[in-house]
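Taking it in order: structure first as structure tokens, then the write-up.
The values are calculated or read from the model by the stated rules, or taken from the named source; none is laboratory data. Nothing here was measured: the structure is a model prediction, and the numbers come from that model. Counting neighbours? That spans all protein chains shown, and the Cβs are built from the backbone with ideal geometry, glycine included.
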Amino acid sequence: MADGLSTRRAEIEDKNKDAVRALLGEPVLRTYWKNTLPPPNASAAELSAFLGSTLDEVWVYPNGRVHFSLAGTAIRVDDRADKHLPREDPGLFA
């Protein structure tokens, strides 16, 4: 079994989508978080912080997921592809 993406966290986090695509290739699935709205009357700094820290898109690979912010930066990496992809051998039950 391949190592999970979390072993490559330092290579992936803080990279934009093009850089992550260059490292890992195209994801097998893309999903999205449901987002909240930015704070009302947010200043430019508050809006920038909101865009940089709010999760938006998730790229799913066979060995993990990369979570991107609304600003398009990878901010979280985990090994939980099983939440989105079917198991290779679910087994037979009698």
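In the set PRO62, PRO39, only one residue is in contact with a helix residue (DSSP H, G or I) (Cβ under 9 Å, 6 or more places away or on another chain) and without any contact (Cβ under 8 Å) to a residue 24 or more places away in the chain; that residue is PRO39.
Are any of the residues in segment 8-28 assigned to a strand (DSSP E or B) and more than 10 Å from the chain's Cα centre (by Cα)? Yes; the residues of segment 8-28 include at least one that is assigned to a strand (DSSP E or B) and more than 10 Å from the chain's Cα centre (by Cα).
For ALA42, are the conditions met, namely being among the hydrophobic types (A, V, I, L, M, F, W, C) and not in a helix (DSSP H, G or I)? Taking the combined requirement at face value, the residue satisfies it.
Residues that are of a type in the set (Val, Ile, Thr) and either under 17 Å from GLY64 (Cβ atoms) or assigned to a strand (DSSP E or B) (or both) within segment 29-39 comprise just one, THR31. Scan segment 52-94 for residues that are outside any loop (DSSP other than H, G, I, E, B), aliphatic (A, V, I, L, M) and either at pLDDT 95 or above or more than 13 Å from LEU5 (Cβ to Cβ) (or both) and the total you get is 7.
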